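Taking it in order: structure first as structure tokens, then the write-up.
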Amino acid sequence: MLCLGAATLAGALRSRLQEPAAAEPFAQLVAELSEAGGYFDTDNLISNEKSYLQVIPVLEQNRTGGGVYIGVGPDQNFSYIARLRPAVAFIIDIRRDNLLLHLLFKALFAASRNRAEYLCLLTGRPVPPEVDDWRDASIERIVRYVEATPAAAGPPPSLRLPAVLRSFGVPLSSKDVATLAAFHQRFIQAGLSLQFQTHGRPVQRYNPTYRELLLETDPAGRQRSYLASEEDFQFLRSLQQRDGIIPVVGDLAGPHALAAIGGWMRRRKEPLAAFYVSNVEDYLFRDGKFSRYVRNLSALPHNDRSVLIRSIFGRLATPRALPGYYTASVAQPLAQFLAAYSAGEYLSYYDLLQTPAWPEPIRPARPAPAAR
């Protein structure tokens, strides 16, 4: 069941009322950019990509500040956004459930003063006394507290979180509210042992727990999840408060959503910083929609620093996966991708994965087009 304490709720609503009005209201942008949703057979409450931080050196190498971030799926995106510091981020996913999940995250950011409070609210744990003293706590200390603290017993005093959700202005049906409650309950029941779930299949042994994702390190051994650093968390919190992380329902090869995001970017003269596509390209090839996806990508304003971030699974990941990892995460300059596609080099998903990518230095293979 969705709940926040009364004081926390009041603070969240007060914070939103004090914010300056955006150029376009949050709910209006969500509605205008979204298209009809589709189905995918996973819950995607958390990532199943343990390798997700392996591209952090590339993102830091390419970081210019500003620009637009686009990504699919759950809160893995927040760790990339924290590194890139974009002006605006769009989270696009074919499932409406992903939009609902990001509304839950947005509400929790609004209600949380720091990382410790956020993770406690997400997992239904009592917030520690003197929570302000936890700002400098390590992620290990926060994790230990959450794991050692039982979820609050008994039913919540009232359904308060929907009030915060309604303040965002996105219309929510009774089914949406029930879905949000079910998502939150999964985080509360499983705690940091939560794993990615495919509908109708048991959890795969190689799927990391939420605890593992939060404590994961980049190739240099640095903790780079968005909850490992208070500075990163506060940047994300500020971006959320300014309605700068916008969930959108859309197919990457669809007729509207990605094209509408590109139009928004052109009007504001904001180029693409990074596009996290996970392994969606595999499904686009299978469904015969890859060319439409490329057309949508090519229309996004971009420059020679714009990158694609993709994840590779199982046997296809073997050439790049590190020991103990079932996945590999790589990055590729968008200009290189578009040039190779135009040259006829990508006839299959396997061809795409043969393209040199991180850990080799990112440099466009051909002269990159000027920003559009």
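Placing pseudo-labels 7 Å out from each Cα toward the beta carbon at THR318 and ARG268 gives an inter-label distance of 4.4 nm. For GLN223 and GLN61, the difference between the fully extended length at 0.36 nm per residue and the C-alpha to C-alpha distance is 56.6 nm. Put simply, segment 185-286 fits an ellipsoid with semi-axes of 28, 22, 15 Å; these come from the alpha carbon gyration tensor as the roots of five times its eigenvalues, largest first. Dimensions of segment 235-295 along the principal axes, based on C-alpha atoms and rounded to the nearest Å, stand at 39, 24, 19, largest first.
If you sort ARG224, ARG63, ARG96 by accessible surface, 1.4 Å probe, largest first, the order is ARG63, ARG96, ARG224. Residues whose amide H falls under 5 Å from that of SER34, counting only those 5 or more places apart or on a different chain, are VAL249, with hydrogens built in the peptide plane. Shape annotation for segment 103-192: C-alpha extents along the principal axes are 38, 24, 21 Å, from largest to smallest. Placing dummy labels 7 Å off each Cα toward the beta-carbon, the span from GLU32 to ASP351 is 3.8 nm. Centre-to-centre separation between the Cα atoms of segment 274-308 and those of segment 77-149: 28 Å. Here the accessible area is traced with a 1.4 Å probe on the protein chains. For segment 36-120, carbon and sulfur cover 49 percent of it.
Sorting the segments 45-56, 263-274, 116-127 by their mean number of nearby beta carbons within 10 angstrom, highest to lowest, gives 45-56, 116-127, 263-274. Label-to-label distance, ARG286 versus SER342, with points set 7 angstrom from Cα along the beta-carbon direction: 3.1 nm. Quick check: from the Cα gyration tensor, does segment 19-133 come out rounded (a/c under 1.5), prolate or oblate? The shape class here is rounded.
Per-atom-type breakdown for segment 255-362 gives carbon and sulfur 53% of the accessible area (1.4 Å probe, protein chains only). Of the residues LEU236, ALA220, LEU258, the one whose Cα sits farthest toward the positive end of the charge dipole of segment 190-285, with +1 on the Cβ of Lys and Arg and -1 on the Cβ of Asp and Glu, is LEU258.
The values are calculated or read from the model by the stated rules, or taken from the named source; none is laboratory data. Every value quoted in this text rests on a predicted model; they were computed, and no experiment measured them. When we count neighbours, we look across all protein chains shown, and the Cβ atoms used for this are built from the backbone with ideal geometry, even at glycine. Surface accessibility is based on the protein's heavy atoms, side chains included, excluding ligands, DNA and RNA. Shrake-Rupley method; radii C 1.70, N 1.55, O 1.52, S 1.80 Å.
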